[in-house]
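Input: a single structure, listed below in structure tokens.
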Amino acid sequence: QVQLVETGGGLVQAGGSLRLSCAVSGRTYYTTGWFRQAPGKEREFVAAFSWGGGTTTYADSVKGRFTISRDNGKNTVYLQMNSLKPEDTAVYYCAARIAGVAITSLSYNYWGQGTQVTVSS
């Protein structure tokens, strides 16, 4: 069984930075991904990290601004978000799957509760 707990959301001005954390309990050789969902929109892929191969994948909209990383000792995956824009405002979810990197939400078996990120203009 895998449990995911996100922390680190909040309110930030455009151009600012936030770091989200996802504490993963249970098996650690999953792929861990970040998704986000803005009001009235579908959940969309942000970034993913494969524990086994170290592969990372990013959505085009966040490439060069967001970085996904892990701390093996803490079983935690981070999403460092820089140069934030108002369109990054959403609830951010951590997710895990028992396979390699995927970018569709239906591919993920486990989900955290979500953390709100609000970027003001």
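State yes or no: is TYR58 closer than 22 Å to GLN1 by Cα, crowded, with 16+ Cβ neighbours inside 10 Å and either touching a helix residue (DSSP H, G or I) at 6+ places or on another chain (Cβ under 6 Å) or not basic (Lys, Arg) (or both)? Can you show your working first?
On the way: closer than 22 Å to GLN1 by Cα: no; crowded, with 16+ Cβ neighbours inside 10 Å: yes; either touching a helix residue (DSSP H, G or I) at 6+ places or on another chain (Cβ under 6 Å) or not basic (Lys, Arg) (or both): yes.
No.
Do we find a residue being surrounded by 20 or more Cβ atoms within 10 Å (Cβ to Cβ) and of a type in the set (S, T, N, Q) anywhere in segment 31-42?
Of segment 31-42, the ones surrounded by 20 or more Cβ atoms within 10 Å (Cβ to Cβ) are 31-36.
Going one step further and asking which of them are of a type in the set (S, T, N, Q), we end up with 31-32.
Yes, that holds for at least one residue.
Restricting to segment 103-121, count the residues that are farther than 15 Å from GLY10 by Cβ, surrounded by fewer than 16 Cβ atoms within 10 Å (Cβ to Cβ) and not hydrophobic (A, V, I, L, M, F, W, C).
4
Hey, does segment 93-102 have a residue that's free of Cβ contacts under 8 Å to residues at least 12 places away in the same chain, surrounded by fewer than 18 Cβ atoms within 10 Å (Cβ to Cβ) and among the hydrophobic types (A, V, I, L, M, F, W, C)? Break it down into steps so the answer makes sense when it comes.
Step one: filter segment 93-102 for residues free of Cβ contacts under 8 Å to residues at least 12 places away in the same chain, giving none.
No, the conditions are met nowhere in segment 93-102.
Here is a yes/no grid of residues against (1) of a type in the set (Asp, Glu); (2) modelled with pLDDT of 90 or more; (3) within 10 Å of the chain's Cα centre (by Cα):
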site: CYS22; (1), (2), (3): no, yes, yes
site: ARG27; (1), (2), (3): no, no, no
site: TYR30; (1), (2), (3): no, no, no
site: LYS41; (1), (2), (3): no, yes, no
site: GLY52; (1), (2), (3): no, no, no
site: LYS63; (1), (2), (3): no, yes, no
site: PHE66; (1), (2), (3): no, yes, yes
site: ASN72; (1), (2), (3): no, no, no
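Please go through segment 68-121 and give me each residue that is over 17 Å from PHE45 (Cβ atoms) and of a type in the set (A, V, I, L, M, F, W, C), ordered by number.
Once the filter is applied, which keeps residues that are over 17 Å from PHE45 (Cβ atoms) and of a type in the set (A, V, I, L, M, F, W, C), segment 68-121 yields LEU84, ILE98, VAL119.
If VAL12 meets every condition in (1) over 13 Å from the mean Cα position of the chain (by Cα); (2) assigned to a strand (DSSP E or B); (3) exposed (fewer than 14 other Cβ atoms within 10 Å of the Cβ) apart from one, which number is that one?
(3)
Of the residues ASP71, ASP88, which is among the charged types (D, E, K, R) and surrounded by 14 or more Cβ atoms within 10 Å (Cβ to Cβ)? Don't jump to the end; show me each part of the working.
Values: ASP71 fails: surrounded by 14 or more Cβ atoms within 10 Å (Cβ to Cβ).
None of the other options fit; the residue is ASP88.
The values are calculated or read from the model by the stated rules, or taken from the named source; none is laboratory data. A quick note: this is a predicted structure, and the numbers were derived from the prediction, not measured. Reconstructed Cβ throughout: ideal geometry from the backbone, glycine too, with neighbour counts over all protein chains shown.
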